[in-house]
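For reference, the structure discussed in these notes is given below.
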Amino acid sequence: MHSIHPLIIDLTMITIYAGLTTLLCRKLKQPIILGYILAGILAGPYFNLLPAVKDKEDLALWADIGVIFLLFGLGLEFNLKKINKVGGAGFITVFTEVIVMFSVGILVGRILGWSWVTSIFLGGMLSISSTSIIIKAFDDLGIKNKKFTQLVFGTLVVEDLVAILILVVLPAIVVSKTFDGVDLAMKIGNLALFLLLWFTVGIFSIPTLFKKFKHYLSDEALIVVSLGLCLTMVVITKNAEISEALGAFVMGSILSGTTQSERIIKLTKPIKDFFGAIFFVSVGMLVDPVAIWQYLP
């Protein structure tokens with residue numbers, strides 16, 4: 001008889017901890033995300049009173065899948081027409097927020113006596129929001145379809161594009177000790193060309209194909225085809241050295257323009273919820289309660 005794979009044991013602990021903590025948060029009328037992060041602390045390496053997760057590399061893989069499905073779900077519910085409506089306000093909000101928070105981060109870092117490089121990284125971290133956490137919080141609060149949330153989603157999408165540039169520039173500066181403006185301009189151009197190409201191809205081809213083969217798209221076939229397209233875009237964006245989460249969002253936005261978008265949202269919701277929970281638990285596993293207390297002053 002084969003022994004149980006450690007990953008199954010780890011997932012068992014994660015789901016049990018997550019289930020108990022989410023029930024507790026529901027009872028206390030707190031966000032479910034808080035329960036997931038608490039579950040991660042309980043299952044993490046810094047809390048030794050309970051059995052802990054052993055295979056953290058496999059858990060990171062599931063967490064990556066969770067981010068992909070979270071952003072895929074966001075793309076399905078936030079199509080290109082909505083992006084166009086809030087695009088101007090989204091760009092203004094993002095660049096104002098990024099400039100202010102980036103500057104504040106550098107200033108705070110220097111006041112604390114940190115080096116310029118460390119201070120710049122602090123500014124970069126403060127200038128980026130967690131799209132997945134905000135989406136989940138809005139969903140739990142039941143306000144995801146409110147008018148103002150569309151502006152927030154539009155802002156987050158633009159911010160994700162800025163985040164990609166930040167993640168490209170900062171490591172390059174640290175490694176090379178210089179700022180290569182030509183290299184940065186080329187990467188920005190490649191990103192813009194990539195998004196333009198795929199949105200153009202996707203908007204004109206994929207909805208047409210879905211409409212042509214709608215009689216053959218049973219629930220089972222629809223979910224397999226949709227997730228296949230999502231993961232294909234993830235692989236393409238990763239090979240293009242672009243965020244796989246952005247690739248998932250792009251494909252979700254393209255599929256939101258098809259006649260089957262409502263069915264796809266309904267069919268993929270359980271998958272998104274499960275892997276999303278794994279992702280938030282993995283975030284909690286990175287939290288060291290002792291370090292929080294140690295650096296509290």
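Structural remarks
- Filtered residues of the range 72-99 (kept if at pLDDT 75 or above and out of contact with any Gly (no Cβ under 7 Å at 6 or more places or on another chain)): 92, 93, 94, 95, 96, 97, 98, 99
- Matching residues in the range 27-49 - criterion: being open to solvent by 40 Å² or more (accessible area, probe 1.4 Å) and modelled with pLDDT under 85: 29, 30, 31, 45, 46, 47, 48, 49
- Enumerated helices (runs of 4 or more DSSP H) restricted to the range 221-295, each holding at least 2 residues that are surrounded by 13 or more Cβ atoms within 10 Å (Cβ to Cβ), of a type in the set (A, V, I, L, M) and touching a helix residue (DSSP H, G or I) at 6+ places or on another chain (Cβ under 6 Å): 244-255, 261-284
- Of the residues making up the range 210-220, those that are open to solvent by less than 70 Å² (accessible area, probe 1.4 Å) and over 25 Å from residue 240 (Cβ atoms) are 217, 218.
- For the range 172-209, a residue qualifies if it is modelled with pLDDT of 75 or more, among the β-branched types (Val, Ile, Thr) and open to solvent by less than 60 Å² (accessible area, probe 1.4 Å), and exactly one does: 206.
- Selection count where residues are assigned to a loop (DSSP other than H, G, I, E, B) and small (Gly, Ala, Ser), scope the range 118-150: 4
- Some residue of the range 111-120 being modelled with pLDDT under 85 and under 20 Å from residue 246 (Cα atoms): no
- Selection within the range 1-26 - more than 22 Å from the chain's Cα centre (by Cα), open to solvent by less than 40 Å² (accessible area, probe 1.4 Å), aliphatic (A, V, I, L, M) and modelled with pLDDT of 80 or more: 13
- From 194, 210, residue being over 24 Å from the mean Cα position of the chain (by Cα) and assigned to a helix (DSSP H, G or I): 210
- Residues being over 25 Å from residue 139 (Cα atoms) and basic (Lys, Arg) - total across the range 16-57: 2
The values are calculated or read from the model by the stated rules, or taken from the named source; none is laboratory data. Not measured: the values here are computed from a predicted model. With ideal geometry, Cβ positions are generated from the backbone for all residues, glycine too; neighbour counts draw on all protein chains shown. Just so you know, the surface numbers come from the protein's heavy atoms only, side chains and all, with ligands and any DNA or RNA stripped out. Shrake-Rupley method; radii C 1.70, N 1.55, O 1.52, S 1.80 Å.
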